[in-house]
1. Would you mind finding the one in Gln71, Gln18 that is over 13 Å from the mean Cα position of the chain (by Cα), closer than 24 Å to Thr147 by Cβ and among the polar types (S, T, N, Q)?
2. Starting from region 74-89, keep only residues that are within 15 Å of Gly152 (Cβ to Cβ), then list their pairs with residues that are of a type outside the set (Asp, Glu) and open to solvent by less than 60 Å² (accessible area, probe 1.4 Å) whose Cβ atoms are within a distance under 7 Å, requiring at least 6 positions of separation or different chains.
3. Taking interchain pairs and intrachain pairs at least six residues apart, which have beta carbon atoms under 7 angstrom, with the first residue in region 155-171 and touching a residue at least 12 places away in the same chain (Cβ under 8 Å) and the second among the polar types (S, T, N, Q) and not in a strand (DSSP E or B)?
4. Name every residue in region 150-167 that is more than 13 Å from Glu74 (Cα to Cα) and over 17 Å from the mean Cα position of the chain (by Cα), in order of residue number.
5. If we keep just the residues of region 65-86 that are among the charged types (D, E, K, R) and part of a strand (DSSP E or B), which is least open to solvent (accessible area, probe 1.4 Å)?
6. Give the residue, chosen from Ser133, Ser170, that is closer than 22 Å to Ser35 by Cα and modelled with pLDDT under 95.
7. Taking the residues in region 27-40 that are over 10 Å from Ser170 (Cα atoms) and more than 18 Å from the chain's Cα centre (by Cα) as candidates, determine which candidate is surrounded by the most Cβ atoms within 10 Å (Cβ to Cβ).
8. Starting from region 1-29, take each residue that is at pLDDT 50 or above and list its partners that are acidic (Asp, Glu), counting only C-beta distances under 6 angstrom and pairs at least six apart or across chains.
Amino acid sequence: MTDSSPELAGGRNRLDIQPALEFLTRATELRGRKSKEEVMKANLFAHLPSIFPDQPGWLDHHISGAEARVQIVEGDAGLNRFTDSLIGQTSIEYEPDLRRSDRYAGGLHQVKEHLAGLLNQGHPAENLIGILSDTVLWLAYAPIIQTERQIGRYGTDYIELHQIDKVDGSI
């Protein structure tokens, strides 16, 4: 079965390779200079329209601010967390340099929080994707429920993350 949707069939997600290479060259330089997360994201957002010239629907949403609040449970407390970007059921967390173990560990924990929060909103686990990125390295995760909970009662203790994909754009 094929999906004829232009978004999924590639029609609106056509990637222009030259701007993508220019972006990755700049992103690799910025990461090497230990640039802050906001600088890394600004570089990405500045390049996305030329990388995806057909302007897929998710693009404007992502660039214009797709931050979203999710709620998780830690112990008996309900806590608010904010995703850097939420596009559909995909949460994206940006960190400035995932080669640093502290940034990777902190970002991975935040991805876990975001996915727990989306479970708390009633989204099925099989539809969720969490992405951790420094804009050069992109890691995609699926949540694996370790302990079934009532909707609204998920926290990081109840799920594990399974890496489902990795793209390293280092130049």
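1. So the residue among Gln71, Gln18 that is over 13 Å from the mean Cα position of the chain (by Cα), closer than 24 Å to Thr147 by Cβ and among the polar types (S, T, N, Q) is Gln71.
2. Filtered contacts from region 74-89: Glu74/Gly155; Leu79/Ile72; Arg81/Val70; Arg81/Ile72; Arg81/His114; Arg81/Gly117.
3. Here the result reads Tyr158/Gln146; Tyr158/Thr147; Ile159/Gln146; Glu160/Gln146; Ser170/Thr28; Ile171/Thr25; Ile171/Thr28, each pair linking region 155-171 to a residue that is among the polar types (S, T, N, Q) and not in a strand (DSSP E or B).
4. Across region 150-167, the qualifying residues are Gln150, Ile151.
5. Looking at residues that are among the charged types (D, E, K, R) and part of a strand (DSSP E or B), I get Glu74.
6. Ser170
7. Ranking the qualifying residues of region 27-40, first place goes to Leu30.
8. Here the result reads Arg12/Asp54; Arg14/Asp54, each pair linking region 1-29 to a residue that is acidic (Asp, Glu).
The values are calculated or read from the model by the stated rules, or taken from the named source; none is laboratory data. All values reported here derive from a predicted model rather than from experimental measurement. Note that we place each Cβ from the backbone using ideal geometry, even for glycine, and neighbour counts take in every protein chain shown. SASA here: full protein model, heavy atoms, side chains in, ligands and nucleic acids out. Shrake-Rupley method; radii C 1.70, N 1.55, O 1.52, S 1.80 Å.
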